[in-house]
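*Asks:* Got a structure here, written out as structure tokens. Questions coming.
The values are calculated or read from the model by the stated rules, or taken from the named source; none is laboratory data. These numbers come from a predicted model, not from an experiment. All Cβ positions, glycine included, derive from the backbone under ideal geometry; neighbour counts span all protein chains shown. Protein only, heavy atoms only, side chains kept; ligands, DNA and RNA dropped before computing areas. Shrake-Rupley method; radii C 1.70, N 1.55, O 1.52, S 1.80 Å.
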Amino acid sequence: MQEHPIVLADANNFYASCEAVFHPEVAGKPLVVLSNNDGCVVSRSYEAKALGIANGTPWFTIRQEAAYDQVIARSSNYELYGSLSRRMMSIMSGFLPGQEVYSIDECFMHSPWDIERTRRIAAVMRRAVLQGVGIPVSIGIAPTKTLAKITNHWAKRHPSSRGITTWGDLSRDDQGTAVLSSIEIDDVWGIGRRLAKRLRGLGIRQAAQLRDQDPVNMRRRFSVQLERTILELRGIPCIADDNDATGGKRDCQILCSRMFGTPILGEEGLRQAASVYAQYACRRLQRQHSLCTRVSVFCASSPFSKHDQYSSVCGSILLQDPSDDPVIISAAARQALHGRITPSVRYVRVGVMLTGLVDAASYDTLPALGARTDSGLSEVFEQVARRFGPAHVGIGFAGIRGDGRNNGDTGAAWAMRREMLSSRCTTRWDEMPVVRAD
Amino acid sequence: MARLSDVISSIHPASESPVPVPQALEAVHAGFPSVAQDYFDGDFSLDEHIIMHPDTTFIVTVAGDSMQNAGIWDGDLLVVDRALDPQDGDVVVAVLDDELTVKRLVMHGHTPVLHPENPAYPDFIPSPDQDLLIWGVVTGNYHWQRKTAQRHVEQPVPPSVTYPGAKSSGGATVAPKHPGAYRHGGWGSRHV
């Protein structure tokens with residue numbers, strides 16, 4: 001029996017649950033949270049799931065029906081979700097060691113205790129998060145991460161588990177064959193859509209069948225990752241902690257891409273957007289202490305548009321020297337689109353990608369050809385943002401600063417649409433929740 | 001930070017002196033060194049003092065006068081800790097009619113009662129089949145005494161800005177487009 005189980009804690013309907021924390025009136029009602037620009041459904045309350053609303057549904061296709069069902073829709077309130085996520089993770093880190101924050105709403109932990117003690121601790125931890133921040137989490141306890149994912153999923157869907165399931169609960173009689181036979185290959189952690197298709201071609205459809213493949217053979221045919229997944233399904237831990245996810249993360253490319261609230265016509269608007277996103281990307285570049293050598297910009301029209309055919313363009317600038325200077329990078333981003341824009345196309349998406357990243361500390365070249373590093377401008381921007389709020393200062397012209405709450409953050413007419421944004425209860429003084437005394 | 005070139009240039013050429021003596025890169029303060037330096041570790045923080053559990057504490061604001069006999073006034077900030085288990089006599093934030101409301105929790109035997117601290121308002125006694133949902137326990141409140149000191153509310157009208165020599169009349173007066181831009185009363189006036 002495995003004595004040091006892995007614990008996976010994952011919030012239930014995280015975004016939708018966050019919306020209910022400060023707004024009791026939406027608790028117990030069908031509620032959906034929409035992606036950037038109020039595009040697609042990305043999170044649903046249980047009541048919304050019960051209505052049959054699928055994740056990823058474009059909002060405009062169900063809007064009318066949803067209104068009839070009195071579905072409440074909210075724009076993604078990233079400020080609130082980030083704040084509650086940080087609090088939730090911090091609480092849980094006090095219960096078990098080795099926390100690896102895997103995404104905004106889930107983390108792995110390593111228990112030094114046996115299964116039963118781990119289960120008891122997990123129950124207290126779950127209660128502490130529910131009481132402390134009002135977010136329900138489900139917990140899967142298993143010998144490996146892959147099985148922890150499966151048990152967690154089980155705990156979520158079966159209320160009788162009271163939010164906690166161990167692999168032992170599911171595998172008692174048959175080493176888990178029945179459970180693994182009910183899990184489609186796509187739903188196994190680490191199996192992407194393309195890989196699932198190839199596996200199905202070989203007749204491997206359920207997790208149980210994958211588990212029974214010869215791992216060495218599968219490594220030869222596919223990859224070492226797949227071999228690890230097979231071993232993990234057998235209860236042999238072999239997926240190491242992804243330290244990237246916790247702290248020392250270094251992306252090998254940085255992409256900053258958004259949809260616009262309203263389409264942009266013409267080169268100048270696109271160049272403004274590219275410049276702004278280049279500055280966002282640059283901030284991330286500096287945060288991971290890298291320099292970039294290539295700045296690419298792409299823009300695209302809507303694939304759903306009735307007005308014009310889908311079209312996209314892409315341009316790229318190779319920097320003379322690696323740089324993390326926002327002036328250089330945003331200038332390159334503006335330049336990258338030059339002359340490539342079709343004036344009549346209504347563009348709705350712009351993205352800036354920084355590639356060819358090198359480590360700022362170890363980058364080394366001939367003396368006269370040194371890296372062009374930021375001279376301190378970013379630090380000044382950060383200070384201004386801390387004091388006056390975001391979107392008060394930046395490089396280049398970025399459109400007229402909007403007055404509304406939603407575009408006040410980003411600054412321009414083309415900024416992200418967040419029409420159904422709830423209040424940012426924990427990060428904005430002027431959006432603080434109100435309690436009634438009357 | 002010292003660059004290598006600075007260090008090299010600060011070393012006297014060998015021809016002038018047999019032993020190269022590096023110059024100090026920093027000025028040396030004459031006089032008694034500040035003893036306080038070793039002791040100063042930053043001012044104390046109000047946050048840290050009043051918030052026991054930062055992960056579970058939220059700040060909310062009060063609307064209404066039903067708690068004024070408890071010293072909680074309209075517009076006050078409340079520090080609410082969700083990690084504390086509510087006890088008899090605590091001021092709590094509870095969910096009533098789908099709204100967050102602040103009341104004092106009083107136990108009548110085994111029945112919890114929500115009691116406003118203002119005789120003009122009635123007690124709320126949940127019916128036997130009604131669950132009383134306590135959102136959090138109020139650990140303290142902050143009441144502004146000088147309303148004009150309060151940030152993020154009505155700010156005085158910003159002064160108009162004069163651009164010298166902008167017009168032939170010897171200086172035009174231009175009202176700022178966004179009053180918000182000046183709400184902190186000018187650069188470097190208060191907060192750093």
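*Asks:* With respect to B:Leu46, determine if the residue is open to solvent by less than 20 Å² (accessible area, probe 1.4 Å), more than 9 Å from chain A (Cβ to nearest Cβ) and more than 15 Å from A:Phe22 (Cα to Cα). Break it down stepwise before answering.
*Replies:* Details: open to solvent by less than 20 Å² (accessible area, probe 1.4 Å): no; more than 9 Å from chain A (Cβ to nearest Cβ): yes; more than 15 Å from A:Phe22 (Cα to Cα): yes.
No, not satisfied.
*Asks:* I need a count of the residues in segment B:95-105 that are of a type in the set (A, V, I, L, M) and either assigned to a loop (DSSP other than H, G, I, E, B) or within 15 Å of B:Asn69 (Cα to Cα) (or both). Give the steps one after another, and end with the answer.
*Replies:* Going residue by residue through segment B:95-105, those that are of a type in the set (A, V, I, L, M) are B:95-96, B:100, B:102, B:105.
Narrowing the set further to residues that are either assigned to a loop (DSSP other than H, G, I, E, B) or within 15 Å of B:Asn69 (Cα to Cα) (or both) leaves B:102, B:105.
Looking only at that region, the number is 2.
*Asks:* Going through B:Asp47, B:Asp76, B:Asp55 one at a time, which residue ends up being under 23 Å from the mean Cα position of the chain (by Cα) and in contact (Cβ under 8 Å) with a residue 60 or more places away in the chain? Lay out the reasoning, then the answer.
*Replies:* Values: B:Asp47 fails: in contact (Cβ under 8 Å) with a residue 60 or more places away in the chain; B:Asp55 fails: in contact (Cβ under 8 Å) with a residue 60 or more places away in the chain.
Unique residue meeting the criteria: B:Asp76.
*Asks:* Taking the condition assigned by TED's automatic domain parsing to the domain that holds A:Ile135, in contact with a Lys or Arg (Cβ under 9 Å, 6 or more places away or on another chain) and surrounded by 16 or more Cβ atoms within 10 Å (Cβ to Cβ), does A:Leu226 pass?
*Replies:* yes
*Asks:* Could you list, in sequence order, all residues of segment B:59-91 that are at the interface with chain A (Cβ under 8 Å from one of its Cβ atoms), part of a loop (DSSP other than H, G, I, E, B) and among the polar types (S, T, N, Q)?
*Replies:* Within segment B:59-91, just B:Ser66 meets the criteria.
*Asks:* Right, here's the next one. Does A:Tyr68 satisfy the criteria of being within 24 Å of the chain's Cα centre (by Cα) and open to solvent by 30 Å² or more (accessible area, probe 1.4 Å)? Lay out the reasoning, then the answer.
*Replies:* Numbers: within 24 Å of the chain's Cα centre (by Cα): no; open to solvent by 30 Å² or more (accessible area, probe 1.4 Å): yes.
Against the criterion (within 24 Å of the chain's Cα centre (by Cα) and open to solvent by 30 Å² or more (accessible area, probe 1.4 Å)), A:Tyr68 does not qualify.
*Asks:* Please give the number of the condition A:Phe397 fails out of (1) open to solvent by 80 Å² or more (accessible area, probe 1.4 Å); (2) within 14 Å of chain B (Cβ to nearest Cβ); (3) at pLDDT 60 or above.
*Replies:* Condition (2) is where A:Phe397 drops out.
*Asks:* So how many residues does segment A:5-46 have that are in contact with a helix residue (DSSP H, G or I) (Cβ under 9 Å, 6 or more places away or on another chain) and either among the acidic types (Asp, Glu) or away from chain B (no Cβ under 14 Å) (or both)?
*Replies:* Initial filter on segment A:5-46 (in contact with a helix residue (DSSP H, G or I) (Cβ under 9 Å, 6 or more places away or on another chain)): A:5-22, A:26-35, A:38-46.
Remaining after also requiring either among the acidic types (Asp, Glu) or away from chain B (no Cβ under 14 Å) (or both): A:5-17, A:19, A:30, A:32-35, A:38-46.
Qualifying residue count for the region: 28.
*Asks:* Can you work out which of the residues in segment A:76-104 that are more than 14 Å from chain B (Cβ to nearest Cβ) and open to solvent by less than 20 Å² (accessible area, probe 1.4 Å) is nearest to A:Ser17 (Cα to Cα)?
*Replies:* A:Tyr81
*Asks:* Do we find that A:Gln131 is open to solvent by 30 Å² or more (accessible area, probe 1.4 Å), over 20 Å from the mean Cα position of the chain (by Cα) and either more than 20 Å from A:Ala16 (Cβ to Cβ) or more than 14 Å from every other protein chain (Cβ to nearest Cβ) (or both) in this structure? Let's see the steps before the verdict.
*Replies:* On the way: open to solvent by 30 Å² or more (accessible area, probe 1.4 Å): yes; over 20 Å from the mean Cα position of the chain (by Cα): yes; either more than 20 Å from A:Ala16 (Cβ to Cβ) or more than 14 Å from every other protein chain (Cβ to nearest Cβ) (or both): no.
Against the criterion (open to solvent by 30 Å² or more (accessible area, probe 1.4 Å), over 20 Å from the mean Cα position of the chain (by Cα) and either more than 20 Å from A:Ala16 (Cβ to Cβ) or more than 14 Å from every other protein chain (Cβ to nearest Cβ) (or both)), A:Gln131 does not qualify.
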